[in-house]
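Since the structure comes first, as structure tokens, the remarks are kept for the end.
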Amino acid sequence: MRKFSKEIKKVVIKVGSSSITHDNGKINLQKIDELCFEIANLKNQGYDVVLVSSGAIAAGRAKLNLKERPKETSDKQAAAAVGQVALTNIYDRSLVSYGYNSAQVLLTRTIEVDQEMRVNAENTFEKLLGMNVIPIINENDTISTYEIKFGDNDTLSAVIARMIKADLLIMLTDIEGLYTDDPRKNPDAKIIHEVADINEVEGMAKETESNVGTGGMYTKIKAAKLAIEKDIEVVIGSGEKMKIIRDIVKGEEIGTYFKC
């Protein structure tokens, strides 16, 4: 079993678009329900949980019957505006069925530099968690421009983890963790179960973009470094089966663990 360096009480979970959509880009209702079950079960055990979820553009693309992921910024923003409503409703219905209320929080990078906005966000998170509400966070794609975009929800999840003083950041992706090489191209690639010094692996991953989302292992390593700077434990794992969340929190040696 994996032994974390601290007691885990507050958890940030980040899921990418590929973890909650089908291959055709439409929302995978079963995966979201499984995710909500795991979150509710953690809450039942006394954990505070914050969810950072991608998928608004993918959901909007499906509702608008777009054949491929939008490329123009304005098209992405329009798809996000439509998709965010659908995505939030799906999460809320599922969480309510397990006994918990959710809250939608849309942010831009401005919270990192605007002290008043940051304090307001921190106060909101504190109140929501105190009310036993599960905050569901995404980037505010509708108003984001290049200057104020996080660019990927990996970075956003690390910023949120730092802001709420989380103990553990779990980033779920479409592969099992950090590998010595891209396992989709190199069958000899081996998973790295533990990283003691993140500086030694920074150059091992490249950015990627799929048909439903952005951000590859490169962005996750950058996000992990941001979290580790504030003594936040980080685990990267596969979002194929949401049961992995309970296994990670229990300390099972799955995925890649970045030690503080």
Percent antiparallel among DSSP beta bridges confined to the chain, nearest 5, equals 20
Dimensions in Å of segment 1-96 - Rg and Dmax from alpha carbons: 15.5, 47
The extension gain from Lys6 to Glu229, computed as 0.36 nm times the residue separation minus the Cα-Cα distance, is 78.8 nm
Using the crude model of +1 on Lys and Arg Cβ and -1 on Asp and Glu Cβ, and no other charge, please compute the dipole size for the chain relative to its Cα centre, in debye to 20. 500
Excluding ligands, DNA and RNA, the carbon-plus-sulfur percentage of the accessible area of segment 59-147 with a 1.4 Å probe reads 51
Please give every one of the aspartates and glutamates within straight-line cross-link reach of Lys190, meaning a C-alpha to C-alpha distance under 12 Å, and leave out same-chain neighbours fewer than 8 residues apart. Glu176, Asp181, Asp182
What Kirkwood hydrodynamic radius do you get for segment 102-260 when you take the inverse of the mean 1/r over all pairs of distinct Cα atoms, in Å? 16.6
Measure off 7 Å from each Cα along the Cα-to-Cβ vector at Tyr47 and Asp75, then give the distance between these two points in nanometres to one decimal. 3.9
Relative contact order for the chain using alpha-carbon pairs under 8 Å, separation at least 6, rounded to a whole percent? 25
On full extension of the chain, what length is gained from Thr142 through Met204, given 0.36 nm per residue of separation minus the C-alpha to C-alpha distance? 19.0 nm
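Rounded if a/c is under 1.5, else prolate if a/b beats b/c, else oblate: with a ≥ b ≥ c from the C-alpha gyration tensor eigenvalues square-rooted, which is segment 133-185? Show your work: numbers first, answer last.
Numbers: a/c = 2.38, a/b = 1.38, b/c = 1.73.
Note, shape of segment 133-185 comes out oblate.
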To the nearest 10 square angstrom, what accessible area does Arg118 show with a 1.4 Å probe? 60
Would you mind checking Lys10/Lys230; Lys26/Lys67; Lys9/Lys165; Lys149/Lys222; Lys31/Lys149 for any pair whose Cα atoms are more than 18 angstrom apart? Lys31/Lys149
For Gln104, distant residues with modelled amide H under 5 Å away: Ile136
When the Karplus curve 6.51 cos²θ - 1.76 cosθ + 1.60 is applied with θ = phi - 60°, which whole-Hz ³J(HN,Hα) does each residue of segment 84-97 get, with x for Gly and Pro? 4, 4, 4, 5, 5, 4, 5, 4, 5, 4, 5, 5, 4, 5
Two-decimal ratio, segment 45-109, of alpha-carbon radius of gyration to 2.2 N^0.38 Å: 1.29
Checked against the positive end of the charge dipole of the chain (+1 on Cβ of Lys and Arg, -1 on Cβ of Asp and Glu, about the Cα centre), the farthest of Val85, Val235, Ile221 is Val85
Hey, can you grab everything whose amide H is under 5 Å from the amide H of Leu178? Only 5+ residues off in sequence or another chain; H modelled, so Pro and N-termini drop out. Ile192, Thr256
Sequence of Met131, Met204, Met163 from largest to smallest accessible area, 1.4 Å probe: Met131, Met204, Met163
Under Karplus coefficients 6.51, -1.76 and 1.60, residue-wise ³J(HN,Hα) of segment 53-63 in Hz, glycine/proline x: 10, 7, x, 5, 5, 4, 5, x, 4, 5, 5
Tell me the accessible surface of Glu126 in square angstrom (1.4 angstrom probe, heavy atoms of protein chains only), to the nearest ten. 130
Hey, can you find the accessible area per residue of the chain for me, probe 1.4 Å, expressed in square angstrom? 49
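The values are calculated or read from the model by the stated rules, or taken from the named source; none is laboratory data. All figures in this text were calculated on a predicted structure; none of them were measured in a lab. Here Cβ is always computed from backbone atoms with ideal geometry, including for glycine, and neighbour counts include all displayed protein chains. Accessible surface is based on the protein model in full, side chains and every heavy atom, while ligands, DNA and RNA are left aside. Shrake-Rupley method; radii C 1.70, N 1.55, O 1.52, S 1.80 Å.
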